[in-house]
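Here is the structure we will look at.
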Amino acid sequence: MMTTSSTQGQDNSSPEAAQPYAGIGLAIVRLTIGCMFVSVFFENLGKGLYNPVNYAKLINFYIEKDHAPAVWKWVMGLAASHATMAAPLQGLTEILLGVLLLLGLFTRPVGLVAFGFLGSLWVSELGTSWIWELLPPTLASLALAVGGAGRTWGIDSLLARRRPSSLLW
């Protein structure tokens, strides 16, 4: 095994510079989850799930069939009864999360929102789908927030030059 440790001429003052492959790995995960959100948006749009009637039917199916805690079923019932607001809001959330992740813009807060959003979907689907279906992208979204995944191949890298210590990127 041959290793080299030449740091001559390299800027190792930031974690991204010291571990470039970690940044590339996080960027790949960021782009994948961004594509997932955009894809799901268009799939749900095609199925008519952002229509309040169809949205309420889906949420009521989860309330009836899933194993979520009672308090969460109450929250889902609130969404179903306010589907005229909740349905388009969910669509807007999915497309915005996807586009912002693809751009690598405000990746830390977007990753945190994606973590919460996907986590809520995971709880909503307990007992109606495979338990591992949403867990990996949920936890990967948390990693995007923690790792500042927009600093590689993202607009956040440009913003970080001006304010490197900002928690927004």
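Taking only segment 106-126 into account, find how many residues are open to solvent by 50 Å² or more (accessible area, probe 1.4 Å) and not charged (D, E, K, R).
Looking only at segment 106-126, we keep the residues that are open to solvent by 50 Å² or more (accessible area, probe 1.4 Å), and these are 106, 108, 112-113, 115, 122.
In the following step, the residues that additionally are not charged (D, E, K, R) were identified as 106, 112-113, 115, 122.
The total comes to 5.
Considering only segment 81-109, state which residues are touching a residue at least 40 places away in the same chain (Cβ under 8 Å) and under 20 Å from Phe42 (Cβ atoms).
Hits for segment 81-109 are Gln90, Gly91, Glu94, Ile95, Leu97, Gly98, Val99, Leu100, Leu101, Leu102, Leu103.
Would a scan of segment 85-92 turn up a residue that is of a type in the set (S, T, N, Q) and in a helix (DSSP H, G or I)?
There is at least one residue in segment 85-92 that is of a type in the set (S, T, N, Q) and in a helix (DSSP H, G or I).
What residue, of Asn54, Asn44, is in a helix (DSSP H, G or I), surrounded by fewer than 16 Cβ atoms within 10 Å (Cβ to Cβ) and either charged (D, E, K, R) or without any contact (Cβ under 8 Å) to a residue 60 or more places away in the chain (or both)?
Asn54
Just one of (1) outside any helix (DSSP H, G or I); (2) open to solvent by less than 40 Å² (accessible area, probe 1.4 Å) trips up Tyr62, so point out which.
Every condition holds for Tyr62 apart from (1).
Specify the residue that is surrounded by the fewest Cβ atoms within 10 Å (Cβ to Cβ); the eligible residues are those in segment 130-158 that are hydroxyl-bearing (Ser, Thr, Tyr) and in contact with a Phe, Trp or Tyr (Cβ under 9 Å, 6 or more places away or on another chain).
Ser157
The values are calculated or read from the model by the stated rules, or taken from the named source; none is laboratory data. Source: prediction; values computed, not measured. Positions of Cβ are generated from backbone atoms using ideal geometry, with glycine treated the same way; all protein chains shown enter the neighbour counts. For accessibility, only protein heavy atoms count, side chains too; no ligands or nucleic acids. Shrake-Rupley method; radii C 1.70, N 1.55, O 1.52, S 1.80 Å.
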